[in-house]
1. For segment C:29-39, does any single residue satisfy the condition of being touching a strand residue (DSSP E or B) at 6+ places or on another chain (Cβ under 7 Å) and away from every other protein chain (no Cβ under 14 Å)?
2. I need every pair where a residue in segment D:215-226 that is closer than 8 Å to D:Ala179 by Cα has its Cβ under 7 Å from the Cβ of a residue that is not aliphatic (A, V, I, L, M), sequence separation at least 6 or different chains.
3. Could you please find all residues in segment D:14-58 being more than 16 Å from E:Glu224 (Cα to Cα) and among the hydroxyl-bearing types (Ser, Thr, Tyr)?
4. Within segment C:47-75, which residues are of a type in the set (Asp, Glu) and either buried (at least 22 other Cβ atoms within 10 Å of the Cβ) or without any contact (Cβ under 8 Å) to a residue 24 or more places away in the chain (or both)?
5. Please go through segment E:162-192 and give me each residue that is closer than 13 Å to D:Ser94 by Cα and not basic (Lys, Arg), ordered by number.
6. Find all pairs meeting these conditions: Cβ atoms under 9 angstrom apart; at least six residues apart or on different chains; first residue within segment C:159-187 and facing chain B (nearest Cβ under 7 Å); second residue of a type in the set (D, E, K, R) and not in a helix (DSSP H, G or I).
7. Consider E:Glu78 carefully, then state whether it is closer than 29 Å to E:Arg58 by Cα, surrounded by fewer than 18 Cβ atoms within 10 Å (Cβ to Cβ) and in contact (Cβ under 8 Å) with a residue 12 or more places away in the chain.
8. Please work out if A:Lys221 is within 10 Å of chain E (Cβ to nearest Cβ) and modelled with pLDDT of 95 or more.
Amino acid sequence: MGLSLGKLVRLKRLLYHHGPGGGTLLVLPIDQGLEHGPVDFFSNPDALDPEYQFRLARDGRFSAIALHIGLAEKYFGEYTGEVPLILKLNGKTSIPSDAQAFSPLTGTVEDAARLGADAVGYTVYVGSPSQDRDFEQFRGVRRDAERLGLPVIVWAYPRGEAVAKKGGKESLWAVDYAARVALELGADIVKLNYPVRSEKDKESPPPYNTLDLSPVDAFRKVVESAGRALVLVSGGEKVGDPELLEKVRESMAGGATGIIFGRNLWQRPREDALKMTQAVHAIFREHAEPYR
Amino acid sequence: MGLSLGKLVRLKRLLYHHGPGGGTLLVLPIDQGLEHGPVDFFSNPDALDPEYQFRLARDGRFSAIALHIGLAEKYFGEYTGEVPLILKLNGKTSIPSDAQAFSPLTGTVEDAARLGADAVGYTVYVGSPSQDRDFEQFRGVRRDAERLGLPVIVWAYPRGEAVAKKGGKESLWAVDYAARVALELGADIVKLNYPVRSEKDKESPPPYNTLDLSPVDAFRKVVESAGRALVLVSGGEKVGDPELLEKVRESMAGGATGIIFGRNLWQRPREDALKMTQAVHAIFREHAEPYR
Amino acid sequence: MGLSLGKLVRLKRLLYHHGPGGGTLLVLPIDQGLEHGPVDFFSNPDALDPEYQFRLARDGRFSAIALHIGLAEKYFGEYTGEVPLILKLNGKTSIPSDAQAFSPLTGTVEDAARLGADAVGYTVYVGSPSQDRDFEQFRGVRRDAERLGLPVIVWAYPRGEAVAKKGGKESLWAVDYAARVALELGADIVKLNYPVRSEKDKESPPPYNTLDLSPVDAFRKVVESAGRALVLVSGGEKVGDPELLEKVRESMAGGATGIIFGRNLWQRPREDALKMTQAVHAIFREHAEPYR
Amino acid sequence: MGLSLGKLVRLKRLLYHHGPGGGTLLVLPIDQGLEHGPVDFFSNPDALDPEYQFRLARDGRFSAIALHIGLAEKYFGEYTGEVPLILKLNGKTSIPSDAQAFSPLTGTVEDAARLGADAVGYTVYVGSPSQDRDFEQFRGVRRDAERLGLPVIVWAYPRGEAVAKKGGKESLWAVDYAARVALELGADIVKLNYPVRSEKDKESPPPYNTLDLSPVDAFRKVVESAGRALVLVSGGEKVGDPELLEKVRESMAGGATGIIFGRNLWQRPREDALKMTQAVHAIFREHAEPYR
Amino acid sequence: MGLSLGKLVRLKRLLYHHGPGGGTLLVLPIDQGLEHGPVDFFSNPDALDPEYQFRLARDGRFSAIALHIGLAEKYFGEYTGEVPLILKLNGKTSIPSDAQAFSPLTGTVEDAARLGADAVGYTVYVGSPSQDRDFEQFRGVRRDAERLGLPVIVWAYPRGEAVAKKGGKESLWAVDYAARVALELGADIVKLNYPVRSEKDKESPPPYNTLDLSPVDAFRKVVESAGRALVLVSGGEKVGDPELLEKVRESMAGGATGIIFGRNLWQRPREDALKMTQAVHAIFREHAEPYR
């Protein structure tokens, strides 16, 4: 990949020197307080305190924790050197209508550099009516990240009325398109939903409406569309344990570089969360490779 | 907290060296002339002259006075050294429709630094359809405040149609979400409404619609959601004296760092206002702690 | 007042060394060609040539003439040293709908400084749906005026649907609110309409809808709301001579620093206009005070 | 006029040293390809090649040619020193709806300076709902032109629904207002339509709806409204030869400094166009005056 | 042409030293993954991997490959010196409604210069309601390209409701207008659709609605409207081989400088694509001319 030196230094650190290593990525996101509100912390009240996630990230040997500037400035100081930081740069609440979905910047690449982050995260709402504004905002992020040597992780989320009408935001068509958009816009890593195969696929544009692919094969296709951008699979809402581990297994088998699971890990008591994290590590080890 | 030196210097001054001290904050806001118009000064005509509030802030030993650039430039000069200044950076009138609620900047962090202010205040309308523009504007304020070493106080106000439909702007759900948003965006201090428990709570999203919490416990929860951001309770419209002092007591017991009461204090004759202020000081003393 | 040295120098010049002096201000505005079109010059065709106003301002010993950049650059050169200049910085035509009333900048504070102006003028449409954009634009003007030492005169005009519904743009409620907004935003001088007492007042918000104040007392209240910002009374459409002089007398008695009359003065033949101006001077002399 | 030295140098060149001279201006515009499309070149296919207009401007001794950056960069190089350049800075196609008429910048004053232009041209749509954006864009152009010493020619065009309802864009009311707006905004030269007297005038605002002026007197009035801004009369669609020359005669008699005719000249075979141009020169000579 | 030295250097390289040479241009675009999604790669799955296009461009001796920043940064490094790069600067997905068609910047001219590109590409949607924003964005691109010496290729695409109503986006009227707009805005090279003659032409504005031109003559006319801007013919959707080669022949005979065919070439197996490319080379050789 034609990455600048600064990006290479930080990517190598994330992929090989922190967390599970071996070229994999295990990321703990804690931006749900902004995106969904404190409601996400009710099932495990301990998780309302961001220290919970910081400790889980440290003790569970995550590759990095991903969060907004406010949490970074108030909590990261005590974990520097122990938990690498991915500064999530844009976000929004779930309160106003999502019709024009757009995530404004809450922080900047310069903030990330100043705080010693190892990467930045940015949400692109592929297909939103505000897509043009989004691309322009992202262009600035990409440019600054290039200048300051920070890898860019794109949360590539299909969104908007047109997406809803054509199979929905988790359809193979939508996720596949989002993967390619992230690659073309300049993502170094792209965070994607694992595509869901369902009846709604029939509303996708051809030939997606007639494709007969298993979930794993569908995901493999998405990974190909992402090209040389590394793929992280996002967890979404909490699901059962076997289902969760199966998703990890399939993701890694399908070509993912790693996972970024939040609610599925920190919506559990600490011991349970650490145990599940160990199970993820075990799967990751099967895919570990030495630095090429 | 990972605060820069300039912020620490000024926070310490506000929390320990002016006003009640002991780690508490007693703030007198006088931005209602802009937000509501001179109508707020009819019940106590003396209060129309900003000197009234400046003298009250000085003689009542407030931690600081909070106001816009126009009042700061015209009146603050005679009280420097006696009343610390919080420059309120954005505001609006109540005249045009609130449907797209957004408060434009009336001053800047550079103005605050130039005038020797000890903090800046910024209103975020959480949930407004203009939330994206608001977040972007706030990002600039946060960055400048970081650069110039000024603590940021966020007036975190739920607002907009979607909020009105889900329990209202004073519901626990709305205030709780606003507290967390302020923390994630980078507030050092967050000004919140004391959540009101009412029938409307049933319209809040689950599990808020079934929560059975006393007002104090509800407030305590909000303080937790604000995390390491200090909490100021706002006064709102004038209420009866016992009710007011009870609110102060509950706020301090619930974890607030202090209060920011305007109309409830300066909509009274001077002697009455000073007396009430002394009563607040008495409550604060019970929560005073030496500098850690 | 905490004014910077440059502002003080220029304000002193306007208040004491040009025009009637003694701390009063007599301003001749000639921005109606932009705001209303050449239609305003039909009753006195000589007034279509801006030289008419420049000569009237000089020979009638006005404190200053107020106009846009185009007239300043083309006509002011021949009157420098004789007529101080207030550069009006924003304006609009009356042609497109006023529903979103907003006056864009036609010139800048730097233009004013470059041309040797002694103050700048800016129209704020208080209550307009575009109020947020207006406040932001004004913030830039205020900042530049602070930097370059130019006093800021705010044309504080209530405007918009909500204002029309609540007593109208000349109601005491509306003018009173506008006066305070100008003060809070940082006006050094505020230009206001003399409030009109009428049946429409009953549609104003309480307690304005029941206030029983004479016009002079109503105006006095407005002057108080403007605080330390000096007040200029605007003339509006041409009225009869006795009515006009009465307005001047009441304004000065009510606490105004001066008047800014355009059409009422230059929509007359030169000799008539000069005579009326002398009558205004006579009233002003009764309010003259030496420099404090 | 209080023009800067650079503007004077260039204006003198245009008015006295190129083209007909004697203080007159004969300008050939070739921006119709952008404004109307290649359709305007069908009646004289030779005119599709911009060299046609450049040669006509040179051989017909025009004061200048006016066009956009694309034509300037691709064709002007071969005519430098022979045909002065007026860089037209903004324009639009006629394809999308004109309801919000606004002409974005296609080039900048810096482009004009870089290419050695002697003036810049800018279209203001007076009365358009986008008027505020237009004024702001023009302010930047005026400022840069002041800084770089380039005279500004304003194409002052009434436009928009409100104009259409009040007599139309060629009514005396509309053209008269546009002339004054250009003066107030800072035009050095203003390009105006020759006002058309018609039944529609009765829909103009008073007193225009009852004015009984001949076309020449109506135009004379417009020239007065433009004040010290020089007036260029625009040609519009192609008309008959006697009618055309009469328009030139009336314009010059009415106080115009010159004409800016495009389609009426280049929508003819070269010899015919040159002959007509000579006829215009003859009329201009009657109005020539030595440099004052 | 009045091109700057940097532009000349790069144009010469593209026209004479890479690819078919002889003053022709053969460009391979690979921005369809962004514009249409991965759907375009189904018919030839190998083409999903951008290396397919890079190898095809190299082995088929194309003048250049055109793509967005993401693909450039991730894949171009291995082909530098072998395949010249045209950085496509703006783009959008096909998901949200096209009613306000506008392509935001995904990269910048500085990115192009940094990566060693030989030209930049920019899509203008002529006639779109967002045309004003588009022109403004393009102005910045043109200025930066001038400053950094990069030729500008304009994808001139008629678009929007008004275009659809008047003959459609491939009608002679629309393509002809687009060609001229590109020239006037400052394109060095313009990419156009080959105009389609159809029944819909009758809905075009006169005289286009009655023009009786063969496709080749229609195209020749378009080339004339583009003036000194070089013309590239775009391929569009995949068509049959004879039809494709006929289009190439007609284009070159009609005055095109070259073609820019994507899907018609890379939606084939490699050997087939190379063979077709050789056929194009053969046609180009008939039009090759030495450097003048």
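The values are calculated or read from the model by the stated rules, or taken from the named source; none is laboratory data. Note that the structure is a prediction, hence the values are computed from the model and not measured. Cβ coordinates were reconstructed from backbone atoms using ideal geometry, including for glycine residues, and neighbour counts include every protein chain displayed.
1. So far as segment C:29-39 goes, no, none of its residues is touching a strand residue (DSSP E or B) at 6+ places or on another chain (Cβ under 7 Å) and away from every other protein chain (no Cβ under 14 Å).
2. Listed pairs, sorted by first residue: D:Val222/D:Asp176; D:Val222/D:Pro195; D:Val223/D:Gly254; D:Val223/D:Gly255; D:Ser225/C:Pro38; D:Ser225/D:Asp176; D:Ser225/D:Arg180.
3. D:Tyr16, D:Thr24
4. C:Asp49, C:Glu73
5. Those that are closer than 13 Å to D:Ser94 by Cα and not basic (Lys, Arg): E:Ala162, E:Val163, E:Trp173, E:Ala174, E:Tyr177, E:Ala178, E:Val181.
6. These pairs meet every condition: C:Gly160/C:Asp98; C:Gly160/C:Lys169; C:Val163/C:Lys169; C:Leu183/C:Arg228; C:Glu184/B:Asp31.
7. Answer is yes for this residue.
8. In short, yes.
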